[in-house]
Amino acid sequence: MKLVLENVTKKYKDKTAIQNINAELHSGQLIGLIGKNGAGKTTLLKLLATIMKPTSGRILLDNQDIVKKPNIMRNIIGYLPQEVFAYPNLTVLEFLSYIASVKGIRKKEAEKQINGLLSDFHLENARNKRMESCSGGMKQRVGIICALLNNPQIIIIDEPTTGLDPEERIAVRNILSRLSQERIVILSTHIVSDIEAVASRILMLQNGNLVFNDTPEKLIAKAKGCVWEYTLSSLRENMKGICSMVQTESGIHIRQVSREKPEKEAVSVNSTLEDACLFVIVSNDL
């Protein structure tokens with residue numbers, strides 16, 4: 001399966017949300033869509049999910065235009081928006097059964113899928129809990145299950161780990177990684193650690209522009225020799241590209257991305273994916 005974006009642009013009156021996006025995505029990939037809040041991630045996902053139409057450009061699924069023929073995408077997609085909608089008075093099981101019915105899944109098959117997914121997401125004991133009583137993390141996991149019902153071939157998830165504790169985040173990442181082996185999985189996040197260990201491809205948006213489209217290894221290589229660590233007794237003004245600051249007995253330990261050595265005592269260190277993302281953002285802002 002191949003999903004192609006050709007010069008995709010979306011404008012809202014006088015604002016351009018994304019512009020001239022070109023990318024080619026294939027089955028067997030978990031694509032990490034990353035960027036700061038407001039970069040255009042949610043807009044792009046809504047276009048892929050056929051919730052909105054692009055102002056210009058084409059989106060092709062196996063050479064068929066999904067703007068002209070949206071059902072070819074809708075029939076095989078599992079989509080989780082940023083905010084999970086649920087009927088508050090329904091139990092978790094009732095809500096999932098309702099979603100399965102809307103998707104046209106037969107009752108016995110729906111029961112099988114729901115039971116399996118409740119187990120995968122550690123929600124077996126919450127099946128009779130009303131949605132209004134569920135925590136934010138539980139509602140998020142129920143939302144992901146909704147997206148996965150009916151075995152979709154394209155899975156689009158917008159900020160899936162919101163409200164999840166560290167153990168739940170790892171479980172979600174592992175499940176999506178396993179599913180991506182035979183599908184296209186697109187996971188949008190502004191938290192790089194969510195996709196650091198599982199993404200096979202990175203799409204990075206900044207101010208509506210696609211500033212990176214390649215493997216995580218290629219992104220990390222961009223920051224080679226540009227990540228530094230050093231210690232200061234106090235912070236200075238206009239410090240850009242700061243990855244982290246930690247107070248220690250000897251002062252403030254700083255990790256920073258910069259093309260030039262930022263301080264005389266700074267030591268070059270290996271780049272992580274998060275360092276590289278920040279480096280690309282800072283470089284494009286210059």
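To the nearest 10 degrees, how steeply does helix 136-148 sit against the main Cα axis of the chain, on a 0 to 90 scale?
Tilt relative to the chain: about 60 degrees.
Would you kindly find the accessible area of E109, with a 1.4 Å probe and non-protein molecules such as ligands, DNA and RNA excluded, rounding to the nearest 10 Å²?
Accessible area, nearest 10 Å²: 80 Å².
How large is the dipole of the chain about the Cα centre if only Lys and Arg carry +1 and Asp and Glu carry -1, each at its Cβ, rounded to the nearest 20 debye?
With only Lys, Arg, Asp and Glu charged at Cβ, the dipole is about 1100 debye.
Can you give the log10 of the normalised intensity I(q)/I(0) at q = 0.13, 0.18 Å⁻¹, computed with Debye over equal Cα scatterers of segment 1-70?
-0.35, -0.67
Post the alpha-carbon centroid distance, segment 174-213 to segment 76-121, in whole angstrom.
24
Report the one residue of N125, A100, G136 whose Cα lies farthest in the direction of the positive end of the charge dipole of segment 86-165 (charges on C-beta: Lys and Arg +1, Asp and Glu -1; origin at the Cα centre).
Positive-end residue among those listed: A100.
In vacuo Debye scattering of the chain, one point per C-alpha: log10 I(q)/I(0) at q = 0.09, 0.13 Å⁻¹?
-0.50, -0.94
At a 10 angstrom cut-off on C-beta neighbours, averaged per residue, how do the peptides 99-106, 264-271 rank from highest to lowest? Intermediate results must be reported in sequence, preceding the final value.
Numbers: 99-106: 14.6, 264-271: 12.5.
Going from most to least packed, we get 99-106, 264-271.
Ranked from the most accessible area to the least, with a 1.4 Å probe and all protein chains present, what is the order of Y230, Y98?
Listed by decreasing accessible area, they come as Y98, Y230.
With +1 on each Lys and Arg Cβ and -1 on each Asp and Glu Cβ, how big is the dipole of segment 196-248 about its Cα centre, in debye rounded to the nearest 20?
For segment 196-248, the charge dipole is close to 120 debye.
Okay, which of segment 145-186 sit inside 17 Å, backbone N to the point 7 Å along the Cα-Cβ direction of R106?
Counting only backbone N, you get 150-151.
Of all trypsin sites (Lys or Arg not before Pro) in segment 195-260, which ones are in loop regions per DSSP and have a Cβ with at most 16 other Cβ atoms within 10 Å?
K224, R236, K240, R259
Can you compute 3J(HN,Hα) from phi for each residue in segment 159-165, using the Karplus curve 6.51 cos²θ - 1.76 cosθ + 1.60 with θ = phi - 60°, rounded to whole Hz and x for Gly and Pro?
Karplus values, whole Hz, x for Gly and Pro: 6, x, 9, 4, x, 8, 7.
Write down the radius of gyration of segment 1-157 and its Dmax, each obtained from C-alpha positions, in Å.
17.1, 50
For segment 216-286, give the percent of accessible area contributed by carbon and sulfur heavy atoms, probe 1.4 Å, rounded to a whole number.
Looking at segment 216-286 in its full context, I get 49 percent from C and S.
By how many degrees, 0 to 90 and rounded to 10, does the Cα axis of helix 166-179 deviate from the longest principal axis of the chain?
70
For the ranges 13-21, 134-142, 53-61, what's the packing order if you count other beta-carbon atoms within 10 Å of each residue, average per peptide, and put the highest first?
134-142, 53-61, 13-21
Using a 1.4 Å probe, what is the accessible area per residue for the chain, in Å²? Write down the numbers at each step before the final one.
Values: 14820 Å² over 286 residues.
Accessible area per residue, the chain: 52 Å².
What does the extension gain come out to for D165 and S250, with contour length at 0.36 nm per residue minus their alpha carbon separation?
27.4 nm
Considering the dipole of the chain built from charges on the beta carbon (Lys and Arg +1, Asp and Glu -1) around the Cα centre, which of A199, N75, L187 is farthest to its positive end?
N75
Using only Cα atoms and rounding to the nearest 10 degrees, what angle (0 to 90) does helix 92-102 make with the longest principal axis of the chain?
70
Given only helices, namely DSSP H runs of n ≥ 4 each adding -39500 (n - 2.57), what is the per-residue ellipticity at 222 nm of the chain, to the nearest 500 deg cm²/dmol?
Roughly -9000 deg cm²/dmol at 222 nm, from the helical runs in the chain.
What are the residues whose amide H is under 5 Å from the amide H of Y79, where those residues sit 5 or more places off or on another chain and H is modelled from the backbone?
Those qualifying (amide H under 5 Å, at least 5 residues apart or on another chain) are I156.
Place a +1 charge on the Cβ of each Lys and Arg in segment 145-216 and a -1 charge on the Cβ of each Asp and Glu, then give the dipole magnitude about the Cα centre in debye, rounded to the nearest 20.
Result for segment 145-216 is approximately 240 debye, rounded to the nearest 20.
Could you sort the peptides 166-177, 187-198 by per-residue average Cβ neighbour count (10 Å cutoff), highest mean leading?
Numbers: 166-177: 16.4, 187-198: 19.2.
Answer by packing, highest mean first, reads 187-198, 166-177.
Quick one: plug the Kirkwood hydrodynamic radius of segment 133-275 (C-alpha pairs) into Stokes-Einstein at 20 °C, 1.002 mPa s, and report D in µm²/s.
121
The values are calculated or read from the model by the stated rules, or taken from the named source; none is laboratory data. Just so it is clear, the model here is predicted, and its values are computed rather than measured. Methodologically, a virtual Cβ is constructed for each residue, glycine included, from the backbone with ideal geometry; neighbour enumeration extends over all protein chains shown. Quick note on the areas: whole protein, heavy atoms, side chains included, nothing else; ligands and nucleic acids left out. Shrake-Rupley method; radii C 1.70, N 1.55, O 1.52, S 1.80 Å.
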